[in-house]
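Have a look at the structure below before the remarks.
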Amino acid sequence: MLLPKRGRMTTREVDPTSGKLKKSPPANSHANDFSPGFFVKLLLMLVVDALLIFLMMLAWQAEQYGVLAALAVIFVIVNWVYFSPSARIIPAKYLTPGLIFLAVFQVFVVFYTATVAFTNYGQGHNSTKESAIRANMMQQVERVPDSEVLPLVVVRQGDTLGFAVIRDGEAQVGSAEVPLEPVGATITDGAIVEVPGWDVLDRGAIRDIQREVTELQVAVSDDPEEGFVGTPNAREGYMYRSLLDYDPVADTMTTPDGVVYSPNDHGQFQAEDGSTLRVGWKVNVGFENFTTAFGDARYAGPFWQVLIWNFAFAFLSVATTFLLGLAFAMLLNNARLQGKKIYRTLMILPYAFPSFMTALLFAGMMNRRFGFFNVVMFGGAEVPWLTDPWLAKLSLILVNLWMGFPYMFLVCTGALQSIPGDMIEAARIDGASKFRVWRSVTMPLLFIAVAPLLIASFAFNFNNFSLVKMLTDGGPRIEGASVPIGHTDILISMVYNISGLDGTAARNYGLASALSIVIFLIVAVISAISFRRTQSLEDIN
């Protein structure tokens, strides 16, 4: 019996016992049928594979073997999925890209943040123990008496600064992280003029970074006992040696005064009097960052203050934008209103501008002395919109209202237009007033549609870093706080300040990661509870 299948005639047999058609094997996909689609896919896969191989080579060079293994797994999965002839794999071809991006940009980020939260990773603790030993020995050095003068040039590779010297008759190059190693440089009249892979800096460029050049020290080898190369004038290099004596057997460092430093549990070399060397290394500290966040007076007091304001800011932002957006949506949903297209276009305009530009614009308009509001609207009165704690919080709410109500207006407009008109008409026939129809019919149906978006809006405003940073920068600062935290800071901006990325405090990535995990848990719990409430609304409906 011949039956058509997918545009082709295939043979189907009838079972003589049951009289039913026998199942034919599933049709192959075009994974290997050499159709035009196959060659297009082959070209795209060549590009993807080339990118993955390039990333694996970079991971191999950087000795990031975990990343290398992950990329290798992705490489195998992608090629298996897109070149498999089985029809059962077709759904995976649509899901694989999204799952990979989800794993890389969401799952990996969460797990890496959680890993850092249990370490002391931060300023002075950002590398391995071996790097810390080398760095400490380079902190206290003296010039080797009667050491030879090494012809030297300053070189740069991206953001890395280094020295190229002529030592023992050959050219060598190195940086603060990488010891000197031979290089095939071009030498003219006893001076290095070109170094492969490096840019040789001229006098003008060196003059701009003179302090960095004079403070740079490049190790001669992996053994810090062999000394370092430094320069006072960017032309001649001299040998320096450390004043610290490291004993690899006892794992101690001794100063010229005889003070012995031994490693402690916090990734530092510590003496008996409690003093420590400047550079440490990254170690696991357990729940210490979490106990610091909630138990240390420097962070606990501001943390609870910021947490309360964070909840208030997120709730008020959602409530105000939703109510204003709903009001305009209901107003413009009136069939008798003329010019609705023009009004709706005007309503969307604030949403069309980038949020950070809007925040910066309002920051200028709210300037205490020269802002538009004070000069034009208040006759020159110096209203401290951004410098008074309460007015700064009110300013955040108002600016967020201006930026957020168009989104709620669009959402509510779509939800209102999706409500069946016959339901509202039936309620009116039953004698319900307009308010009763709005309360018992319109709003329940509206909330079913917009409740998930309100939850997402709450999560967004709970972490609305850009508005706080651009408008108030978290200020005004909390008086007496030993950490850089302000009255309008929310948890995410507090994490940014504690991390030290803005340069106002020592970098503490471990504590910042611990607070990030707390934020993640708070938002996750609130979202889970809210979605359960949303489900109950749907069940009632």
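The values are calculated or read from the model by the stated rules, or taken from the named source; none is laboratory data. These numbers come from a predicted model, not from an experiment. For neighbour counting, all protein chains shown are included, and Cβ atoms are generated from backbone atoms with ideal geometry for every residue, glycine included. Protein only, heavy atoms only, side chains kept; ligands, DNA and RNA dropped before computing areas. Shrake-Rupley method; radii C 1.70, N 1.55, O 1.52, S 1.80 Å.
Lys/Arg Cβ at +1, Asp/Glu Cβ at -1, dipole of the chain taken about the Cα centre: which of VAL67, PRO476, ALA381 is farthest positive-ward?
ALA381
Roughly how many nanometres apart are two label points built 7 Å out from the Cα toward the Cβ at ARG368 and ALA505?
Label-label distance for ARG368 and ALA505, simple model: 2.4 nm.
Let me check something: with ligands and nucleic acids excluded, how do LEU453, LEU307 order by accessible area (1.4 Å probe), largest to smallest?
Working: LEU453 60, LEU307 20 Å².
Ranking LEU453, LEU307 by accessible area, largest first, yields LEU453, LEU307.
Per residue, how much accessible area does the chain show when a 1.4 Å probe rolls over the protein heavy atoms, in square angstrom? Walk me through the numbers on the way to the answer.
Details: 31440 Å² over 541 residues.
Computed with neighbouring chains in place, this is 58 Å² per residue.
Once label points are set 7 Å from the Cα along Cα→Cβ at both ARG235 and ALA103, what is their separation, rounded to one decimal in nm?
With each label point 7 Å from Cα toward Cβ, the separation is 5.8 nm.
What whole-number distance in Å separates the alpha-carbon centres of the range 186-260 and the range 57-122?
For the range 186-260 versus the range 57-122, the Cα centre distance is 40 Å.
Going Cα to Cα from LYS282, which aspartates and glutamates come in below 14 Å? Please leave out same-chain ones fewer than 8 positions away.
Those aspartates and glutamates meeting the cut-off are GLU130, ASP265.
Need one value: the accessible area of ILE348 in square angstrom, 1.4 angstrom probe, rounded to the nearest 10.
My reading of the accessible area for ILE348 is about 60 Å².
When a/c is below 1.5 the answer is rounded, else prolate if a/b is larger than b/c, else oblate, so apply that to the range 235-379 with a ≥ b ≥ c taken from the square roots of the Cα gyration tensor eigenvalues. Display every interim value, and only then the final one.
Working: a/c = 3.66, a/b = 2.69, b/c = 1.36.
Prolate shape, in that a/c is at least 1.5 and a/b is the bigger ratio.
Using +1 on the beta carbon of Lys and Arg, -1 on that of Asp and Glu, and nothing else charged, what's the dipole of the range 190-250 about the Cα centre, debye to 20? List each step's numbers first, then the result.
Details: 5 positive and 13 negative charges, 81 e Å.
With Lys and Arg at +1 and Asp and Glu at -1, about 400 debye.
Express the carbon and sulfur contribution to the solvent-accessible surface of the range 158-201 as a percent, rounded to the nearest whole number, probe 1.4 angstrom.
Working: 1030 of 2290 Å².
Here carbon and sulfur together make up 45 percent of the probe-accessible area.
Could you work out the helix-only [θ] at 222 nm for the chain, with each DSSP H run of four or more residues adding -39,500 (n - 2.57) and the total divided by the number of residues, to the nearest 500 deg cm²/dmol? Numbers along the way, then the final one.
Values: 18 runs with 269 residues, N = 541.
After summing the helix terms and dividing by residue count, I get -16500 deg cm²/dmol.
So what is the relative contact order for the chain, in percent, with contacts set as C-alpha pairs under 8 Å and at least six apart? Intermediate results must be reported in sequence, preceding the final value.
Working: 742 pairs, mean separation 70.6, N = 541.
Averaging sequence separation for qualifying contacts and normalising by length gives 13 percent for the chain.
For the chain, what is the convex hull volume of its Cα atoms per residue in Å³? Write out the running numbers ahead of the final one.
Numbers: hull volume 176.1 nm³, N = 541.
Per residue, the Cα convex hull of the chain comes to 325 Å³.
What is the extension gain from THR214 to ALA524, computed as 0.36 nm multiplied by their sequence separation minus the C-alpha to C-alpha distance, in nm to one decimal? If you can, show how the numbers build up before the last one.
Working: separation 310, 0.36 × 310 = 111.60 nm, distance 5.04 nm.
Result: 106.6 nm gained on full extension.
Quick one: how many Å² of TYR509 are accessible to a 1.4 Å probe, rounded to 10?
My reading of the accessible area for TYR509 is about 50 Å².
Ranking request for peptides 316-322, 273-279: highest mean number of other beta-carbon atoms within 10 Å first, then the rest in descending order. Numbers along the way, then the final one.
Working: 316-322: 19.9, 273-279: 13.7.
Highest mean packing first, the order is 316-322, 273-279.
Under the 0.36 nm per residue contour assumption, what length would be gained going from the current alpha-carbon distance of LEU360 and SER131 to full extension?
Extra length from LEU360 to SER131 when fully extended: 78.2 nm.
If you fit an axis through the alpha-carbon atoms of helix 340-352 and take the longest principal axis of the Cα set of the chain, what angle between them do you get, 0 to 90°, nearest 10?
Relative to the chain, helix 340-352 is tipped by roughly 20 degrees.
Taking the full set of protein chains and a 1.4 angstrom probe, give the accessible area of MET57 in square angstrom, rounded to the nearest 10.
Surface open to solvent at MET57 totals about 110 Å².
Could you give the size of the charge dipole of the range 228-382 about its Cα centre, using +1 on the Cβ of each K and R and -1 on the Cβ of each D and E, expressed in debye and rounded to the nearest 20?
1820 debye
So what's the angle, to the nearest 10 degrees on a 0 to 90 scale, between helix 389-418 and the longest Cα principal axis of the chain?
The angle comes out near 40 degrees.
If I model a spin label at SER440 and GLN305 as a point 7 Å from the Cα along the Cα→Cβ vector, what separation in nanometres do I get?
Each label point is offset 7 Å from its Cα along the Cβ direction, giving 5.0 nm.
With a ≥ b ≥ c taken as the square roots of the eigenvalues of the C-alpha gyration tensor of the range 455-527, please select rounded if a/c is under 1.5 and otherwise prolate if a/b is larger than b/c or oblate if it is not?
Working: a/c = 2.12, a/b = 1.38, b/c = 1.54.
Since a/c reaches 1.5 but b/c is at least a/b, the shape of the range 455-527 is classed as oblate.
Nearest 20 debye, what's the magnitude of the dipole of the chain about its Cα centre given +1 on Lys and Arg Cβ and -1 on Asp and Glu Cβ?
On the way: 39 positive and 46 negative charges, 942 e Å.
Roughly 4520 debye for the chain.
Can you tell which of SER527, PHE447, GLN123 lies farthest toward the positive end of the dipole of the chain, using +1 and -1 charges on the Cβ of basic and acidic side chains (Lys, Arg; Asp, Glu)?
Of the options given, the answer is PHE447.
May I ask you to derive the FRET efficiency for GLU425 and GLU177 from their Cβ-Cβ distance with R0 = 56 Å, giving the value to the nearest 0.05? Show your work: numbers first, answer last.
Details: r = 75 Å, r/R0 = 1.34.
Efficiency, rounded to the nearest 0.05: 0.15.
Along the charge dipole of the range 131-216, Cβ charges K/R +1 and D/E -1, which of VAL193, SER147, GLY204 sits furthest on the positive end?
Ranked along the dipole, the leading option is GLY204.
For ASN334 and TRP80, FRET efficiency with R0 = 51 Å and r from the beta-carbon atoms, rounded to 0.05? Can you show the working numbers first?
Details: r = 57 Å, r/R0 = 1.12.
Plugging the Cβ-Cβ distance into 1/(1 + (r/R0)^6) gives 0.35.
Which whole-angstrom value gives the distance between the alpha carbon centres of the range 286-332 and the range 464-541?
Result: 7 Å between the Cα centres.
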